[in-house]
Amino acid sequence: MNHEDGAPALRCLVTGATGYIGGRLVPELLDAGHSVRCLARTPQKLRDHPWAGRAEVVRGDVMDPESLGPAMRGVDVAYYLVHALGSGSDFEATDRKAARTFGEQARAAGVSRIVYLGGLTPVGVPEHELSPHLRSRAEVGRILLESGVPTTALRAAVIIGSGSASFEMLRYLTERLPVMVTPSWVSTRIQPIAVRDVLRYLVGSATMPAEVSRTFDIGGPDVVTYREMMQDYAAVARLPHRLILPVPMLTPRLSSHWIGLVTPVPAAIARPLAESLKYEVVCREHDITRYVPDGPGQPFTFRRALALALQRVREANVTTRWSSASVHGAPSDPLPTDPGWAGGSLYTDERELDIDAAPEALWRVIESIGGDNGWYSFPLAWAVRGWLDRAIGGVGLSRGRRDATRLRVGDSLDFWRVEEIVPGRLLRLRAEMRLPGLAWLELYAERNGTGGAHYRQRALFHPRGLLGHAYWWSVAPFHAVVFGGMARNIARATMLPTRSEQVKAASAL
């Protein structure tokens, strides 16, 4: 079997397929004629991706040699697209161990090439003086290059694409703040790159000659400051010119909280990104074109990358987001079975209603819950819970949805994640807010005995220690308002005509 340029097709292992870049790389490799095996700690999260039936998915972890070794067997090219960003103060040690394990297993399995996407580092700054995020990215690249397996280590600065953390930061800061007081790093020069170019270079790196093992700087044609990036975004989005006032005393810690308040990106992720922005990150070479030639109009200009990303957002065609990957430390325990679960205390709140409407209409409301559509009960209570979660380092409500009407397993949904979805019948969400325990929310659409819809809603909480029990009983008095109101309002929304039905009725007049 050959891929599109006539060369033999390759067997590729992709780690990080549940993440932003990995989830987009898999279909690109498949379309280029390669076969793909995805390594995932929770394979279920890849079940609903459009390309799922074309790729092999195996359970494993880059930290676990026993699962990584078998996943490497028969593989020609192994893509390393994982990192421990936002995983706590020890993330550098975690990254270091994972990279070493990956390199050792790739060498033992006879993998022909490792491809890694890291961060662009500034010229003249010793590695030990870099931000922890950039320092770790550089160290991982070095470990893989020293693994004994030919390695392509791509280094990019800011990646611009619909749903990327950098794009979301830029988008929300510019759209929400016509006048802004900003950190001094808005004057730092950066060489952004479109996600489409990143994917093109990643795919092309698979077929590099065996003797090539080195880093490559990749970037777009424009070198701009972050201030210019915000003004360019305003121009492309047809917003008025922004007034930007740099303030030197805004430290990375303070600016990360500022970013967390204004954008969906939580402080835990915003801080390493903000720390990295204080360095000038500009490509020193463009040697990648010797092996992956640029075509006409490639790489994309910054404004072209912005326009493409905005088009995807407006068309609700965002395939992956920065929040696609699971939050580090989020619970992964199995859902407690009932009624005979033996794992300890399990609190539940259950609501049921019959609705004089088709179950399909009820399901449309259920699947569109959250994000801009809200949670159908006491908006202030949900907002306050989101603010409190952000205040203690959680993700809060502002992650929103990837798509306004459709969900798939693994999607982030405000401070929940879709754990299971049975189209037309069940939506199960797992809480990723900071809690002294584990929590789930289940929403069911069923048919009742009269042909109408039966709505069933179940909230479950497994407390952790005394604090967990105290938490449940402290919020229990509000359940009638929050969960009871949700059930009633979902039933009410089911009875309302959809927007398409409203338009159809209006056109008939």
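Each value in this text was obtained by applying a stated rule to the coordinates, not by laboratory testing. These figures come from a predicted structure and were not determined experimentally. Cβ: placed from backbone, ideal geometry, glycine included. Neighbour counts: every protein chain shown.
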### Task
Provide the net charge surrounding residue 282, with neighbours chosen by a C-beta distance below 9 Å and charges set as Lys +1, Arg +1, Asp -1, Glu -1.
0
### Query
What residues qualify as long-range amide H neighbours of residue 222, i.e. H under 5 Å apart, gap of 5 or more or another chain, H built at 1.01 Å from N?
302
### Task
Mind pulling the angle between the C-alpha long axis of helix 195-205 and the longest principal axis of the chain? Nearest 10 degrees, somewhere in 0 to 90.
50 degrees
### Task
Find out how many positive minus negative residues lie around residue 221, taking Lys and Arg as positive, Asp and Glu as negative, among other residues whose Cβ is under 11 Å from that of residue 221.
-1
### Query
Stokes-Einstein at 37 °C, 0.692 mPa s, Kirkwood radius from Cα pairs: D for the chain in µm² s⁻¹?
134 µm²/s
### Query
In sequence order, what are the phi-derived ³J(HN,Hα) couplings for the stretch 373-387 according to the Karplus relation 6.51 cos²θ - 1.76 cosθ + 1.60 with θ = phi - 60°, rounded to whole Hz, with x for glycine and proline?
7, x, 10, 6, 6, 5, x, 5, 4, 5, 5, 4, 4, x, 5
### Task
Give me the net charge of residue 306's neighbourhood, meaning all other residues with Cβ under 13 Å from the Cβ of residue 306; Lys, Arg count +1, Asp, Glu -1.
+2
### Task
Per DSSP H run of n ≥ 4, the term is -39500 (n - 2.57); total these for the chain, divide by its residue number, and report the mean residue ellipticity at 222 nm rounded to 500 deg cm²/dmol.
-11000 deg cm²/dmol
## Note on the structure
Sorted by chain and number, the residues with a modelled amide H under 5 Å from that of residue 114, at a separation of 5 or more or across chains, are 78, 151, 152
### Query
Cα atoms only, the stretch 1-156: Rg and Dmax in Å?
15.5, 48
